[in-house]
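One structure below.
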Amino acid sequence: MPEIKVTPLGAGQDVGRSCILVSIGGKNIMLDCGMHMGYNDDRRFPDFSYITQNGRLTEFLDCVIISHFHLDHCGALPFMSEMVGYDGPIYMTHPTKAICPILLEDFRKITVDKKGETNFFTSQMIKDCMKKVVPLNLHQTVQVDDELEIKAYYAGHVLGAAMVQIKVGSESVVYTGDYNMTPDRHLGAAWIDKCRPDILISESTYATTIRDSKRCRERDFLKKVHESIERGGKVLIPVFALGRAQELCILLETFWERMNLKAPIYFSTGLTEKANHYYKLFITWTNQKIRKTFVQRNMFEFKHIKAFDRSYADNPGPMVVFATPGMLHAGQSLQIFKKWAGNEKNMVIMPGYCVQGTIGHKILNGQRKLEMEGRSTLDVKLQVEYMSFSAHADAKGIMQLIRMAEPRNMLLVHGEAVKMEFLKGKIEQEFSIDCHMPANGETATVTTNPSVPVDISLNLLKREMALGGPLPDPKKPRTMHGTLIMKENSLKLVSSEQALKELGLNEHQLRFTCRVQLQDPHSDPDTLNRIYTHLKSVLKGYTIQHLPDGTVMVESIVIKVSSSAEDTSTKVLLLSWSYQDDVFFCFFFVSFLSLIFSKQWLRDSIDS
Amino acid sequence: MAAHLKKRVYEEFSRVVQIPQEEAPAKKLRLSKPSKSAALHIDLCKATNSTDALQYLLHFARKPVEVESVEGVVRILLEHYYKETDNSVRLKIASLLGLLSKTQGFSPDCIVDDAINTLNNEKSHQVLAQLLDTLLVIGTQLPESPTVRQRLIEMACKHLSDTYFGVRNKCLKLLGCLGMADTPLTKDNDGPGASLGGVRDIQSIISDFFGDQDPRVRTAAIKAMLQLHERRIKIHEIIYDQACRLLSDDYEQVRSAAVQMVWVLSQLYPESIVPIPSSNEEIRLVDDAFGKISHMVSDGSWMVRVQAAKTLGSMLQVSHHFLEQTLDKKLMSDLRRKRTAHERAKELFTSGEFSSGRKWADDAPKEKLDTNTVNLIASGACGAFVHGLEDEMFEVRIAAVEALSQLARSSASFAEKCLDFLVDMFNDEIEEVRLQSIHVLREISTHITLREDQLDTVLAVLEDSSRDIREALHELICYTNVSTKECIQLALLELLKNLNKYPTDRNSVWKCLKFLGSRHPTLVLPLVPELLSTHPYFDTPEPDMDDPAYIAVLVLVFNAAKSCPTMPALFSDHTFRHYAYLRDSLSHLVPPLRLPGNGLDLVDSRCGSGSVESAQLFLQQSLNRVSTIQNLEAPGAQDLLNFTIRDLQRLGELQTELAGAADFCATYLRCQLLLMKALQEKLWNMAVPLCLKQNVTATAAAQQILEETYKLEFLYSGLESRQVATIHHVRLQAKALQLILTARTRQGLDPLISSCEKFLQDIESFQRLFVAELPHLQDSFVDKLLELMPRLSSCKPVEMVKILLATLRLSGLLQLRLPEQIHRATATIIEPTGESDNPLRFTTGLVVALDIDATLEHVQDPQNTVKVQVLYPDGQSHVIHPKPSDFRKPGPDRHRLITQVYLSHTAWTEPSQIEVRLLLAYSSSSTSLSSSSASKLGWSDSIDSLPPPEAAVEGTIPFSKPVKVYIMPKPARR
């Protein structure tokens, strides 16, 4: 039986450095090539030595597919392609291809220039790596080679995020990457057709959470910002540069527009501006509202949101500032925070999760006095709000996707083991399909039962159609006779005559014979005659011939009568039939025997 | 006309004769046939190949065929059909047959046999499908013939086993449209039922195809079943299971149709019991269906989601328990149950605390959940609306909101539950959805009382920059119930903020406060001292009476005071004064109050109840009084008219309900007065040259009367034909007057003759239009004229003028009878306000857009009649037709025009004002009464005597106050 093997190098029962190896139908595919944010050593990147100890990866991998531009899904790409060595195709969607190098470059700068690491990939490597990228369009089937084809589906989550269907022959795997089943202010919801893959590899970040309605959160967020602005306070929103930031920008921008507010909104510059440019370009990847209205106005051309300058932080009056990074651990957001922390009119809104140890985490836990570098302390008087804006599918969303795709097997990655365990149980219970959750380096094997396509000659099909009963009964299996020819890797079903002709073989007849003894006082021709007349009366609708050479033929069954030398009343019937008529013969023989042992026959015999 | 007809007849003959000339003489036989078929035959015979034939047929199909010739054409087509080998031509012929059978007045039973015959011999699948379509047309044309029907159904059943999906589709469609419920297709009629095995009825035959291999056929099968349902054939309950299975079909069209099917069945058998698979419980069918359709709200295709969401709204029989599940989405975080934000808000409210929402772990999960009880994939209706309202397509969201409203209207407790969700929708990104949810909330608001936190969210929307949203919200607040005095205070505060931010909302905000006050008198009571800023010991300064915010507060207080007699005790002196002022100036907002020591108001309040009736009475009396005037020259008649007009005008101002009627009467009487003045002068006895001046005034009067009659006819809605007749009568009088004046001034005889003829035509058309009303016009001008008609039409113009003058002066005043309801069309331009001192600057040669916002009341068909006129200081005027989409309909008899007008002009040296006003366009041919009757009468009249149609008088009536806009076109800079 053919098998599909899935081995996570990263993201197996874990979040971060997504990297999953799939071998399907003799093809090896790497799904995502991410890095782990939590480590600074070798554990940062997936362990490529699993694939090969030394040498390049090119010969082991048929293609690499990147689902979206988040670093935990593409961060190790230049390392893999340039430093480990891979020259094959790398597939990603257009927006991902555009934005990915910006993030990689930023990441490189921070690690190399700020932290002073050596032995890291260079800008040139990023460029070289991006040259190997082949862009994908949504719902476009790309033929990687003769047998392997891939197709991208919309995944929500961030701009350009895609789910990928990988197909070899009739076996297929769907990898979701990160996805979101509820639409947000700038992206739509993930969608997939009923493609019934053999394995659905799904993320499971929120495997045990069912989230509240998005609208509540949005409304709360807007209300808090609005109230603070009306009080004359300043609002700081620390964000990660891409993804949620754009959503919040759109949210505030439309709110400002609707409510006719005048207070300025600033966005701290940097890579965001470049990325925003791409958001403007890839309108087709956004949600219905933005797509519909962009002719009048591109929603990403913000009217109220301006670039931030360091000096603005001291301006009087209310304002809203988006600043990076998101956890208040360094950079501009921390600087602004220090400036504004003393005034209770101000507010900071944390739109996402904060890692332990960061200032963001401290203030969210209610700490009101912070120790800064240089033994100084900072009194936190401003209001601290938390507002979760996350774009992963929750447990319900995951179930919904399973319902949409109808996979035969399920495989969970990108989540915590305990949570996966729960979801696994649920999936097995609800859909009664197998669910796997391999750890990193562990291989999950799924045997498939692929259907084998066979060509059938049209004539044969028509002939068999004519034999069958009336439509409709299309789903009922029907037997048909034909010859299966396997030739040069292709299967063909043809009629036996044609098969003989094609293969240049002679037709051989296979006949069975048997003898039956019976008591009959009549002479041989008489007995034959009697048999003939009886058969004629019993087997209506069959061709029964009495041949002049002293035989009776029923279809292909030949009956001959001869009497034994010693006892003329003991007749020996010779029966002979071809193997095609074996089934018919059984039927015939039963009726024949019943004829012989019927009283009628005996009585006739006795009479005479 | 006759000549025209003759010409046509002649033409046809000539065509028929021409053809045999070209063709063989044998074709002469066809002479007797109508031209159309002959021509077709020739064309088809001429066609050498199939493309040509197809071209001819296509060409032929463009022209209509007369009823008489249909059969001939059909014969020719069939004849050709048998000969034709090309599939496409046969297909076209088949479709033509169908088209022809639709011809009005043609009974297609004669071609049934032929059509069935062709069907039996046809090989091509496409043509077969087309032929079946034709049969369907024939079948629907012959609803009265069961035998034909039976034959057609048999044909359809026979072809159901065709391998081509199109043929099966058409067969199913035919069965759906023609199949009969209770006539099982049994063996005895040896129909196809036998071939399909035993006794089958139409439904089981159709339902066999629910499992067809082709999705299109499956869809067609469901559609056919739905068609049966539409034809009031009761669908069997067994279908339900099959339909439910189709809900999980791979194809969206099938799923969409299946949703409908399940819905139909749930409406037919709501109370049947169905088992739940995988358990031995049983539930009502409607509940089961509801659960299944709810499931479809999270379908992969948005079309299906829309369909499902819409359908949910109409399943009102569903049990409560299921209904409430649709709003339930169990929250869970790390396996622990979490309360929804809604629940939290409610809890905080009940515990007397405001929502802080500031804590990082404020939504910290509480109890540990048993993993087995968490049902992730919602069985049944769970969370259907939560999904629907969060859908990415706004079409689905709107459908979900609508469904919510329908369900909430039928169930109060559900209304209470869905409140939070609707309020959340106020924050949707698409304005349409926001607006819709506000409207929905208004519709169900009778069921609910808003909590403070909910009100807070609702009121936040008041700052929306979209006017539609704000107004919808005001409307909503008018109908809301709130629970505490804090809510009232909050609402007032937000409304005042709104007033401050958008001063144009003034009227709407006041109205809103009026209802808020009158709904919650007891809640307003404790707030009064604070609202009016009175102090127990000190006198506070008197607020500014012109401040809209202060007026708003007073409106709230006075309306609450109406049903709260203790409240006036809290008022300070100036409040009473302000009351008196507001009661007078804003009588529609301030109710009459029973104030202590104020006799006048007491009277006022007492008559307030019966004021409409008394005003009605007064109106009637005034009219009766006027009717005593018998003769136009009666002494004192003019004075009486003058007084009555004045009275009526005042009445209209005071009593808004009767404004239309009073205005109408006043205008009518003014016409009479003008006529009277013009006629009563002694000048008529003088020689012509001596009274030139007098002539001028009379001409002006005649002109004015004409204009007024058009106003009377088109500006008021609710007129009956009797009133229209009266108006036309006055118009006729005015025309007569004009004619007389023409006769006196003009010297030439020719123009006079033509105007006399025109007048006679006018009389005739009047007679034609108002035959039914003539008995009511006894003794009137027209009545007398009609008596004299034979004389008039024969006599000379001069004599006619004399007669006219005499009749005109002798005729009495026609009494006006009022219809039930008369409304005057009015328009108010809200924007531009005309108060701006800043000129609108623009470069000459370019255009500037001026936003216009106006409300129209009692205007029928505003899309076609309302125009905007712009008047420039140099006398230039432009009339602009607003787009139909610029009109909105916020309420019955009310329209809102929000449009942009483009202005342009050559350079001015300094800014100046232009005038903008709204016009009501009319055309005398387009009156509802005259147009239909006139055209019908004209048609049935003998053709020769038909007069040329009355020249339609088109014009415009200004019906809004002009608004001045300051503009300044600057010269272009080079």
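The values are calculated or read from the model by the stated rules, or taken from the named source; none is laboratory data. Just so we're clear, the structure is a prediction, and the values are computed from it rather than from any experiment. Every residue, glycine as well, gets a Cβ built from its backbone with ideal geometry; the counts of neighbours run over all protein chains shown.
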- Qualifying residue in region A:88-95 (condition: part of a helix (DSSP H, G or I) and surrounded by fewer than 23 Cβ atoms within 10 Å (Cβ to Cβ)): yes
- Note on the structure: Note on region B:100-136: residues surrounded by fewer than 21 Cβ atoms within 10 Å (Cβ to Cβ), at pLDDT 85 or above and assigned to a helix (DSSP H, G or I) are B:His125, B:Gln126, B:Asp133
- Message: All but one of (1) without any contact (Cβ under 8 Å) to a residue 60 or more places away in the chain; (2) touching a helix residue (DSSP H, G or I) at 6+ places or on another chain (Cβ under 6 Å) hold for A:Trp577; state the number of the condition that does not hold.
- Response: (1)
- Task: Go through region B:711-826 and tell me which helices (runs of 4 or more DSSP H), entirely inside it, have 3 or more residues that are surrounded by fewer than 16 Cβ atoms within 10 Å (Cβ to Cβ) and over 36 Å from the mean Cα position of the chain (by Cα).
- Result: B:750-769, B:789-794, B:797-810
- Query: In region A:407-415, is there at least one residue being surrounded by fewer than 22 Cβ atoms within 10 Å (Cβ to Cβ), assigned to a loop (DSSP other than H, G, I, E, B) and modelled with pLDDT under 85?
  - Reply: no
- Query: If you take just the helices (runs of 4 or more DSSP H) that sit entirely in region A:264-371, which of them hold at least 2 residues that are over 24 Å from A:Glu253 (Cβ atoms) and without any contact (Cβ under 8 Å) to a residue 60 or more places away in the chain?
  - Reply: A:331-340, A:359-364
- Check region B:476-488 and report whether any residue there is in a helix (DSSP H, G or I), polar (S, T, N, Q) and in contact (Cβ under 8 Å) with a residue 24 or more places away in the chain. no
- Note on the structure: Selection from region A:335-357 of residues within 13 Å of another protein chain (Cβ to nearest Cβ) and under 24 Å from A:Gly38 (Cβ atoms) yields A:Met350, A:Pro351, A:Gly352, A:Tyr353, A:Cys354, A:Gln356
- Query: For region A:240-268, what are the residues that are out of contact with any strand residue (DSSP E or B) (no Cβ under 7 Å at 6 or more places or on another chain) and under 13 Å from A:Thr324 (Cα atoms)?
  - Reply: A:Phe240, A:Ala241, A:Leu242, A:Gly243, A:Arg244, A:Gln246
- Query: Among (1) part of a helix (DSSP H, G or I); (2) within 14 Å of chain A (Cβ to nearest Cβ), where does B:Leu525 come up short?
  - Reply: (2)
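The rows are residues; the columns are (1) free of Cβ contacts under 8 Å to residues at least 60 places away in the same chain; (2) surrounded by fewer than 19 Cβ atoms within 10 Å (Cβ to Cβ); (3) over 19 Å from A:Gly441 (Cα atoms).
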residue: A:Val22; (1), (2), (3): no, no, no
residue: A:Met30; (1), (2), (3): yes, no, no
residue: A:Cys33; (1), (2), (3): yes, no, no
residue: A:Phe45; (1), (2), (3): yes, no, no
residue: A:Ile51; (1), (2), (3): yes, no, no
residue: A:Leu61; (1), (2), (3): yes, no, no
residue: A:His68; (1), (2), (3): no, no, yes
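Listed here are the residues, each with its yes/no results for (1) modelled with pLDDT of 85 or more; (2) within 19 Å of B:Gln126 (Cα to Cα).
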{"residue": "B:Arg149", "(1), (2)": "no, no"}
{"residue": "B:His159", "(1), (2)": "yes, yes"}
{"residue": "B:Val167", "(1), (2)": "yes, yes"}
{"residue": "B:Cys171", "(1), (2)": "yes, yes"}
{"residue": "B:Gly176", "(1), (2)": "yes, no"}
{"residue": "B:Asp182", "(1), (2)": "no, no"}
{"residue": "B:Thr186", "(1), (2)": "no, no"}
{"residue": "B:Pro192", "(1), (2)": "no, no"}
{"residue": "B:Ile202", "(1), (2)": "no, no"}
- Message: Looking only at residues that are surrounded by 22 or more Cβ atoms within 10 Å (Cβ to Cβ) and away from chain A (no Cβ under 13 Å) in region B:415-427, which one is nearest to A:Arg215 (Cα to Cα)?
- Response: B:Leu419
- Specify the residue that is modelled with the highest pLDDT; the eligible residues are those in region A:310-327 that are touching a Gly at 6+ places or on another chain (Cβ under 8 Å) and within 24 Å of A:Gly352 (Cα to Cα). A:Pro318
- What is the one condition in (1) away from chain B (no Cβ under 14 Å); (2) at pLDDT 80 or above that A:Ala393 does not satisfy? (1)
- Filter region B:157-182 down to residues that are touching a Cys at 6+ places or on another chain (Cβ under 7 Å) and part of a helix (DSSP H, G or I), then give me how many there are. 1
- Task: State whether one or more residues within region A:154-170 are farther than 25 Å from B:His387 by Cβ and of a type in the set (Lys, Arg).
- Result: yes
- Task: Give me a count of the residues in region B:870-911 that are surrounded by 15 or more Cβ atoms within 10 Å (Cβ to Cβ) and β-branched (Val, Ile, Thr).
- Result: 5
- Message: A:Val384 - would you say it is surrounded by 14 or more Cβ atoms within 10 Å (Cβ to Cβ), touching a residue at least 12 places away in the same chain (Cβ under 8 Å), outside any loop (DSSP other than H, G, I, E, B) and within 11 Å of chain B (Cβ to nearest Cβ)?
- Response: yes
- Query: For region B:807-833, what are the residues that are over 30 Å from B:Val965 (Cβ atoms), out of contact with any helix residue (DSSP H, G or I) (no Cβ under 8 Å at 6 or more places or on another chain) and at pLDDT 80 or above?
  - Reply: none
- Within region A:259-272, restricting to residues that are under 24 Å from A:Gly156 (Cβ atoms) and at pLDDT below 85, the one that is nearest to the other protein chains (Cβ to nearest Cβ) is A:Thr272
- Note on the structure: Scanning region B:42-53 for residues that are under 23 Å from B:Asn117 (Cβ atoms) and surrounded by fewer than 18 Cβ atoms within 10 Å (Cβ to Cβ) gives B:Cys45, B:Ser50
- within 11 Å of another protein chain (Cβ to nearest Cβ) and at negative phi - does that describe any residue in region A:430-448? yes
- A careful count of residues in region B:310-327 that are part of a loop (DSSP other than H, G, I, E, B) and among the aliphatic types (A, V, I, L, M) gives 4
- Message: Just to verify a result, which residue in region A:145-174, among those that are more than 12 Å from A:Leu401 (Cβ to Cβ) and under 9 Å from the mean Cα position of the chain (by Cα), is surrounded by the most Cβ atoms within 10 Å (Cβ to Cβ)?
- Response: A:Val173
- Identify the residue in region A:105-139 that is of a type in the set (A, V, I, L, M) and at pLDDT 90 or above and, among all such residues, is nearest to A:Glu82 (Cα to Cα). A:Met125
- Message: Suppose the filter is in contact with a Pro (Cβ under 9 Å, 6 or more places away or on another chain) and within 18 Å of B:Ala825 (Cβ to Cβ); does B:Ala661 pass it?
- Response: yes
- Does region A:509-528 include one or more residues that are loosely packed, with under 10 Cβ neighbours inside 10 Å, part of a loop (DSSP other than H, G, I, E, B) and out of contact with any Ser or Thr (no Cβ under 9 Å at 6 or more places or on another chain)? no
